[in-house]
Each structure stands twice: as C-alpha cells, then as structure tokens.
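Data block below; observations after.
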Amino acid sequence: MTDTIPQDRVLIFDTTLRDGEQSPGATMTHDEKLEIAEMLDDMGVDIIEAGFPIASEGDFRAVSEIAQRSKNAVICGLARANPTDIDRAWEAVKHSKRPRIHTFIGTSPLHRQIPNLTMDEMAERIHDTVTQARNLCDNVQWSPMDATRTEWDYLKRVVEIAIKAGASTINIPDTVGYTAPAESADLIRRLIAEVPGADAVVFATHCHNDLGLATANSLAAVAGGARQIECTINGLGERAGNTALEEVVMALKTRHDIMPWSTGVDTTKIMAISRRVATVSGFPVQFNKAIVGKNAFAHESGIHQDGMLKNRENFEIMRPEDIGLAASSLPLGKHSGRAALRDKLKTLGFDLADNQLKDVFVRFKDLADRKKEVFDDDIIALMRISEDAAHDRLQLKSLAVTCGTAGPAEATIVMEIDGEEKTATMQGDGPVDASFKAVRALHASDSQLQLYQVHAVTEGTDAQATVSVRLEEGGNIATGQSADTDTVVASVKAYIHALNRLLVRRGKLGQDVKEVNYRDVG
Ligand code: KIV
Ligand code: ZN
C-alpha cells in the first residue's frame, strides 16, 4: 500500500506502544498493550506502531497479536537497519490486514559513529535494508534517526536512496528534541522540493519534547508539507516524551482556520484512552497538561468562574465534550450501586468484566464509607491499584505505625510472601522510612528508590493520596502506584506494587527476554 493521501488530511501514527513504552518505568503487560491497541484502532488512529519485535519475545508476541486483531489501522513494527531485525518485524506484522515495516538508522555525525560506518557504507546499508524490507512488505517506512542534526547534503542523499529502494513513508525524526518550529517546517519543505521522487511519498514528522516544542514542531512540519504526525498518548516517550496525540489532534480541530488539515481521529475518545494509558503505564498526567490534565477545563478564580457562568467561551477554546469529558459529573457516594459504578467507570475509560467489577465495587464501598463524596479522580486512583494484585507474590496484610514528635517512627508490618505470612517491626526516620525498612526486612531487595511522589487527588483532608514509587534494580525499572486516604498506607502499597513488578520482570528476563541495545545498529 502506498500512503498517497489527500493534501488536506494528516495521518496520525501512534507510537505509544513503542516509543512511549520506552519511557523508563512505563513497561506495559501483554494484555494492557492489546487493550491500548484496540482503543487506538477504535478511535481512528491511522497507523499503530505496536512495538519493536526484535527487542524481546514479549514485544514480538504483542506486535503479532495486535497485528492479527487489528481492524482498520495499519500495524507497524520497528526494525534497526539489519536483516535479522527486519525479518523479525515482518514475521510480527505480516498477519495484519495492513502491515508496515519501519526501519531506521542514525544518520547524524554522532550517530554514524555508533555502528562505525562511513557515509558511503551507511548509504549502502540503507539501500540494502530498505530493499529487503520492501521485498517483504509493500508498505515501508524509513527514518534517518537524529535527522535534525544530520548534514543537509547527506540527509538529502540518504532520503533519495530510501525512496529509490522502495520506502513509501519518509519519517524525519527530531530524535533529541533540538529543532525549532521554523526549522522544522523548512526542513520538510526543502526535502520535498529538492529530493528527486519526494512527491511520490508521504513525509512524516517525529518530534521529541526536550525543549517543550514537540507539538509546535510537528504542526510546523505539517505546514512544511508533512502528512503524517508521529505521536503518543499523553506525550509518553523517551526523556521528556514525544508529541502528544491529543495536542496535535485538538490543535488541528480547534484552529482549522489557520491549519486546514483534518485527521481521522474521533476526539471524543481522547479522555478515556488518556486515562487508561496513565493507569497502565504508571505515568500520571500532570495536572496542567494541555487537553487531558485535571485542570485543563477547571476554573478556580472568582473572575474566571463568573466569566464561565456568563459564557463558557470566555475562558474555554474547546468544549470538554469534544474530548469525551462529561461536562457535568454524577457524584458517587456510599449509597451508589454497582450499575452507577459501572457507568462511571465506562465514562472514565475502564470497561470491566463482571468479576473485575465485583472487586472494584468492594474497594469503592470501602472508600465511600471513609469519604463524603467520591470524585472521578478518586475512582481513577482506585483503579490504579494493581489490577492483578491477587496474583502478586508480595501482599500487604496489615500495617501499624507510631510516629510523632517524641522519637523515631516505628512500623509493624504483616505481609504474605508466596503464601506465607510474616511480620517485622522496624524504626526509621519518619513513618514512610520505617515502613519501607519493615518491607525490606521481610523481602530483601537490592533495588534503589529512584522516585517517590505523593499527589492528593481530590480536595479536603480526607482526600485520597496517590503515591508513585519507582525502583531500579540491575538496569530494570519498575513503577508502582497506589491510592489510599492514608498516605503511609498508599506509600507502602505503591512500594510493594513496584517490588512485585520487579519480580515479574526478573522472572521474564530469566525466561525469555533478550534485551537489545536500542541504539546499537550494528
Ligand atoms: O526518536 C527517534 O528517532 C525514533 C526513531 C526510531 C524513529 O524514535
Ligand atoms: Zn523517538
């Protein structure tokens, strides 16, 4: 398939499951990946980059299954510039109705040093690998990684080689988030004008957000002639992340007057997928994030509230309904039943089977007994509690803490470890420190704490605290999350959640995961 598209349309290429999942700590389970892929397909994303099949058995299986289940979207697998990667990517995507192979190599002076290839040798490698991919699949995307720091003449040369070898999409990545909007537009415009054969392919833009310019750069690239934007839900991705899907799609919709390009995305599905990705990736959305942040449609000051009551457009340029946010919310409390909870969960992006709903309902009732009103964010926090907690090897049974001004804090913890109940008491520098020490007394771990973050998700002293804990152990990173009206309990549960995730990862690595160095293109 050649992606010839009308000039007033922009293809949306979502890479949440590949570049997004590369964020340290954002690893998703197999089932979570399938679920996100289905949501992306249903919302009208044109191309889903489902993973990097050579990276691990798990990635391969996820890409293959997504390919087999896909409905409308093109399913793409990433491959470095070598025959093994490309064969593996093809094996994974070939059962899709619309498969694509995406192969890349770093073309900038710095990146050329990694495989230690001369310019000519790299040009030959590009010709050979794109040709190989094209012999397998008629939809091939090629990317010169670090394109924005590649010498102009060399970039033109290699783009031309890739087009001649059969690539139908040329993606120009700003891998290190270095470019500025005017340059982004200019780069695409000049490539289209000067590279022979450029008018027969689709140019794509793939921007990282190191300077906070990813969305601006992507839209500028479209103004320069790009017709595919690569992006992720919530802007998930390496370092500061990627262009956020919701930002480009809503910017194109809201400012159609000056950016007359449309997408096929059903924007009313944005909020649900944003919340789901935040839950499964363990990366909460910052409160003031454009479009999908908790405060994006909240008005606090008297002047703004007054203005809103007179005319919503005084302070809102988009309608909350356009992204699937209910304008008014149905408050839930201890008298609410299962049907109301199910309905609420659905609007928040959680479609649960009956047995899952049963568990959540018990937790919801427990919370409603302790809180006057249960807000949407309380429910989301509740859902973040490990959905497979029942299978976790480490389980918290009880926690009792004494702390205050008198002396060191002391925590007594009871945990079930592989089915056996164990107790420990430890002192520490504050209740959280004492509790974490007690957990470690029962389950020895070399993991280092990389992040400990507490959010109050709703207002009031009875607000639930959501705690995120990120641990690192021998290069593996795992993020745990939990929520509770008691911050110390939430902290311990999040810590145990992260330890459980590390155990799963350790188990997987032992069995089947062959890590590859992503930058090693040799
Ligand atoms: O940022 C980047 O260059 C990438 C490539 C693999 C396209 O993610
Ligand atoms: Zn990237």
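A few comments on the model shown:
- Counting 0.36 nm for each residue step from residue 342 to residue 314 and taking away their Cα separation leaves a gain of 6.6 nm.
- Enclosing the Cα atoms of segment 90-137 in their convex hull gives a volume equal to 75 cubic angstrom per residue.
- Between helix 57-69 and the chain: long-axis angle, C-alpha atoms, 0 to 90°, nearest 10: 80 degrees
- Given R0 = 35 Å, the distance between the Cβ atoms of residue 239 and residue 152 translates into a calculated FRET efficiency of 0.85.
- Most to least packed among 254-260, 97-103 [average Cβ atoms within 10 Å]: 97-103, 254-260
- For the chain, the solvent-accessible area works out to 43 Å² per residue, with a probe of 1.4 Å and every protein chain left in place.
- Over the C-alpha trace of segment 37-85, radius of gyration and Dmax come out as 11.1, 34 angstrom.
- Taking only the C-alpha atoms of the chain, the Rg (one decimal) and the largest Cα-Cα distance, Dmax (whole number), read 24.4, 77 Å.
- Cross-link pairs 33/397; 365/493; 344/397; 33/422; 294/397; 397/437 - those with Cα-Cα distance over 23 Å: 33/397; 344/397; 33/422; 294/397
- Accessible area in the full protein assembly, largest first, 1.4 Å probe, for 497, 304: 304, 497
- Ratio Rg/Rh [Cα only; Rh per Kirkwood] for segment 220-341: 1.01
- Reach of residue 164 by Cα under 26 Å, taken over lysines that are not fewer than 8 positions away in the same chain: 94, 97, 156
- Unit Cα scatterers, Debye sum, segment 1-148: log10 I(q)/I(0) for q = 0.09, 0.12, 0.17 Å⁻¹: -0.28, -0.49, -0.95
- Sequence-separation-based contact order of the chain, relative, with Cα cut under 8 Å and 6+ spacing, percent: 12 percent
- Label zone at residue 186, where the point sits 7 Å out along the Cα-to-Cβ direction: segment 126-169 residues whose backbone N lies under 13 Å: 152
- Dividing the summed helix terms, -39500 (n - 2.57) for each DSSP H run of n ≥ 4, by the number of residues in the chain produces a 222 nm estimate of -12000 deg cm²/dmol to the nearest 500.
- Directionally averaged shadow of segment 97-204, computed from the convex hull of its alpha-carbon atoms, nm²: 6.7 nm²
- Rg then Dmax, both in Å and based on the Cα atoms of segment 157-304: 16.8, 62.
- Alpha carbon centroid spacing (whole Å) that separates segment 7-48 from segment 260-281: 10 Å
- Share of carbon and sulfur in the accessible area of the chain stands at 50%, probe radius 1.4 Å.
- Close amide H pairs (under 5 Å, H built 1.01 Å from N) link residue 52 with 78, residues at least 5 positions away or on another chain.
The values are calculated or read from the model by the stated rules, or taken from the named source; none is laboratory data. Everything numeric in this text was worked out from a predicted model, so none of it was measured. In this analysis, Cβ positions are derived from the backbone assuming ideal geometry, glycine residues included, and neighbour counts consider all displayed protein chains. These area figures cover heavy atoms from the full protein model, side chains too; ligands, DNA and RNA do not enter into them. Shrake-Rupley method; radii C 1.70, N 1.55, O 1.52, S 1.80 Å.
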